[in-house]
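Novice: After the structure tokens below, expect a handful of questions from me.
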Amino acid sequence: QVQLVESGGGLVQPGGSLRLSCAASGFTFSIYRMTWYRQAPGKERELVADITNTKNTNYADSVKGRFAISRDNVKKTVYLQMNSLKPEDTAVYYCNTNRGSINYWGQGTQVTVSS
């Protein structure tokens, strides 16, 4: 079965960096788009960044120039490098993929940006 396991979250000061990882299993990772979403308290889940099977990338305006998504098809892992973090980046970050109409989600990893 499809499994997505996020890691790498934590507490960081404003201006700091974190790298999130999402380890995938149970499907042919290399052929699917992978997406990072986040959800802050009291807000809807929003798309942060995605990467296609050909490594084309797309970012939310709020993270452009600060975040970078990448993938390693051998390790079946997608990454989110987050730099110049701001308090408004505080959220639970989720890894996502979909096959047709079925969405798959990881359990999420908490990122807290605070001094």
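Novice: Can you give me the distance in nm between label points at residue 53 and residue 103, each placed 7 Å from the Cα along the Cα-to-Cβ direction?
Specialist: According to this spin-label approximation, the distance is 2.2 nm.
Novice: Follow-up question, since we're still on this one. Please compute the modelled spin-label separation between residue 61 and residue 83, points set 7 Å along Cα→Cβ, answer in nm with one decimal.
Specialist: Those two pseudo-labels are separated by 2.3 nm.
Novice: Write down the accessible area per residue of the chain in Å², having rolled a 1.4 Å probe over the full set of protein chains.
Specialist: On a per-residue basis, the chain sits at 53 Å².
Novice: Determine the dipole magnitude for segment 1-87: charges of +1 sit on the beta-carbon of Lys and Arg, -1 on that of Asp and Glu, nothing else is charged, the reference point is the Cα centre, and the result goes in debye to the nearest 20.
Specialist: 140
Novice: What net charge is computed for the residues neighbouring residue 40, neighbours being all others with C-beta under 11 Å from the C-beta of residue 40, Lys and Arg scored +1, Asp and Glu -1?
Specialist: -1
Novice: In debye to the nearest 20, how big a dipole does segment 69-110 give about its Cα centre with +1 on each Lys and Arg Cβ and -1 on each Asp and Glu Cβ?
Specialist: 240
Novice: For residue 46 and residue 115 in the same chain, what is the full-extension length gain: residue separation times 0.36 nm, less their Cα-Cα distance, in nm?
Specialist: 22.4 nm
Novice: How many nm is it between the label spots at residue 13 and residue 75, if each spot is 7 Å from the Cα in line with the beta carbon?
Specialist: Between residue 13 and residue 75, the label points sit 2.7 nm apart.
Novice: Continuing with the same structure: Given a 1.4 angstrom probe, I'd like the percentage of the accessible area of the chain that is carbon and sulfur, rounded to a whole number.
Specialist: Answer for the chain: carbon and sulfur cover 45 percent of the accessible area.
The values are calculated or read from the model by the stated rules, or taken from the named source; none is laboratory data. Since the model is a prediction, treat every value here as computed from it, not as a measurement. Note that we place each Cβ from the backbone using ideal geometry, even for glycine, and neighbour counts take in every protein chain shown. Keep in mind that these areas ignore ligands, DNA and RNA; they rest on the heavy atoms of the full protein, side chains included. Shrake-Rupley method; radii C 1.70, N 1.55, O 1.52, S 1.80 Å.
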